[in-house]
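Engineer: Have a look at this one before I ask anything.
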Amino acid sequence: KAGVTQTPRYLIKTRGQQVTLSCSPISGHRSVSWYQQTPGQGLQFLFEYFSETQRNKGNFPGRFSGRQFSNSRSEMNVSTLELGDSALYLCASSLMGYEQYFGPGTRLTVT
Amino acid sequence: QKEVEQNSGPLSVPEGAIASLNCTYSDRGSQSFFWYRQYSGKSPELIMFIYSNGDKEDGRFTAQLNKASQYVSLLIRDSQPSDSATYLCAVLPGAGNNRKLIWGLGTSLAVNP
């Protein structure tokens with residue numbers, strides 16, 4: 001079974017721009033969770049989508065948004081990028097939401 | 001506020017020794033407990049998980065739950081240098097329909113040859 005894929009793997013953007021990250025979950029998995037990881041901050045939960053509906057949301061500003069498509073693929077968007085948004089963005093796939101399998105991540109650098 | 005705490009380490013053990021990693025949680029009703037390993041520059045990898053009804057052993061890894069003291073342990077027997085990584089603990093709280101995993105910050109493990 002193919003694992004979780006994330007694209008792109010690396011991204012460099014300028015402050016003020018917007019970015020869209022993509023995640024394809026494991027076949028059959030309906031839950032996709034997004035996390036931001038920075039040194040010293042651990043895994044910060046952004047949101048979870050389950051069957052195209054946002055089921056949970058973390059404490060991030062409205063600049064961070066996401067969606068899930070009928071094939072379970074998910075995208076997250078960050079608008080008006082700030083320097084502090086530089087991080088590793090991880091997507092995790094799960095059948096029901098709890099036993100999560102992570103993709104390789106997208107490393108975003110904002111300059 | 002539900003919390004999960006881990007000693008950041010680094011925990012340093014000699015090759016062949018038993019490494020013991022602990023994770024404490026605040027929600028007494030927590031039902032499931034997950035251990036992930038994360039190598040530097042990589043994404044977390046699920047090692048094992050247990051439910052509130054018992055411990056589990058998988059090869060060199062054993063996860064043990066102490067419900068009374070509200071902590072879960074990961075034991076790594078015959079530690080190898082390749083076990084050097086950060087170990088993340090995640091806990092599923094017990095209540096609510098839309099529960100989400102609560103994550104610890106991780107413990108850094110160094111296995112010395």
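Engineer: Take the conditions assigned to a loop (DSSP other than H, G, I, E, B), within 11 Å of another protein chain (Cβ to nearest Cβ) and small (G, A, S) and apply them to B:S40. Does it pass?
Structural biologist: The answer is yes for B:S40.
Engineer: Among the candidates B:L46, B:L75, B:L65, which residue alone is surrounded by 13 or more Cβ atoms within 10 Å (Cβ to Cβ), within 14 Å of another protein chain (Cβ to nearest Cβ) and in contact with a strand residue (DSSP E or B) (Cβ under 7 Å, 6 or more places away or on another chain)?
Structural biologist: B:L46
Engineer: Tell me, please, whether a residue that is outside any strand (DSSP E or B) and within 12 Å of the chain's Cα centre (by Cα) can be found in the range A:72-82.
Structural biologist: Yes, the range A:72-82 contains a residue that is outside any strand (DSSP E or B) and within 12 Å of the chain's Cα centre (by Cα).
Engineer: Further, regarding this structure: Taking the range A:55-72 only, how many residues are of a type outside the set (F, W, Y) and within 27 Å of A:R15 (Cα to Cα)?
Structural biologist: Count: 10.
Engineer: Now a separate question. Give me the pairs, please: first residue somewhere in the range A:54-77 and under 19 Å from B:R99 (Cα atoms), second residue anywhere and outside any strand (DSSP E or B) and hydroxyl-bearing (S, T, Y), beta-carbon distance under 7 Å, and either six or more positions apart or on two chains.
Structural biologist: Final answer for the pair search is none.
Engineer: Could you tell me how many of the residues in the range A:48-78 are of a type in the set (D, E) and loosely packed, with under 13 Cβ neighbours inside 10 Å?
Structural biologist: The qualifying residues number 0.
Readers should treat all values here as calculations from the given coordinates under stated rules, not as data from a laboratory. Because the structure is a prediction, the values reported are computed rather than measured. Ideal geometry is used to build each Cβ from the backbone, glycine not excepted, and the neighbour counts take in all protein chains shown.
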